[in-house]
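The values are calculated or read from the model by the stated rules, or taken from the named source; none is laboratory data. A quick note: this is a predicted structure, and the numbers were derived from the prediction, not measured. Cβ atoms come from the backbone with ideal geometry, glycine included; neighbour counts cover every protein chain shown. These area figures cover heavy atoms from the full protein model, side chains too; ligands, DNA and RNA do not enter into them. Shrake-Rupley method; radii C 1.70, N 1.55, O 1.52, S 1.80 Å.
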Amino acid sequence: MTFSFNHYNYNVLDLEKSMTFYAEALGLKEVRRKEAPDGSWKLVYLGDGESDFTLELTWLRDHPQEYELGENETHLALRLDTDNYEEVHDYHKELGVICYENPEMGIYFIHDPDDYWIEILRCKK
């Protein structure tokens, strides 16, 4: 039996705001979507244009409050495909989305509008 990665899910409060964030901060674009006939939910899948892996953004019309992430250290990690780490870091700093940095490890995290963390890794050499 073998498996391959397909997608990862984040629930979001404002679908358009989240889609804008992922497009601006990470260059992820919508590759497909599913919507309930009654408008109660939407699933939007974002891709990087390189791999088959997608990030699923789930919007639920009747979700009553912000999502409580607590101390959940679950996160999505993206590796740069070019060696322009400092340039990308500066861009994310200008966007105001960096929430944690660890220069010793050569990583930093950005957070989306719902406070999900995304780890940014240097290019493999």
Neighbours of GLY49 by Cβ distance under 13 Å: Lys/Arg at +1, Asp/Glu at -1, summed charge -4
From the Cα centre of the range 106-120 to that of the range 20-81, the distance in Å is 14
Kirkwood radius from Cα pairs of the range 26-73 plugged into Stokes-Einstein at 37 °C, 0.692 mPa s, gives D in µm²/s equal to 261
To the nearest 20 debye, the range 1-63 has a Cα-centred charge dipole, built from +1 on Lys and Arg Cβ and -1 on Asp and Glu Cβ, of 100
Helix 15-26: inclination vs the chain longest Cα principal axis, degrees, rounded to 10, gives 20
Taking Cα atoms, the helix 85-95 axis meets the longest principal axis of the chain at an angle in degrees (rounded to 10) of 50
When every protein chain stays in place and a 1.4 Å probe is rolled, SER4, SER18, SER40 sorted by accessible area with the largest first are SER4, SER40, SER18
Treating only Lys and Arg (+1) and Asp and Glu (-1) as charged, each at its beta carbon, one finds that the chain has a dipole about its Cα centre, in Debye to the nearest 20, of 480
For LYS29, counting only aspartates and glutamates whose alpha-carbon sits under 13 Å away and dropping same-chain residues fewer than eight positions off, the answer is GLU16, ASP48, GLU50, ASP52, GLU56
Relative contact order of the chain (C-alpha contacts under 8 Å, at least 6 apart) in percent is 24
Checking the range 1-74 for chymotrypsin sites (Phe, Trp or Tyr not before Pro) in a loop per DSSP with at most 11 other beta-carbon atoms within 10 Å yields PHE3, PHE5
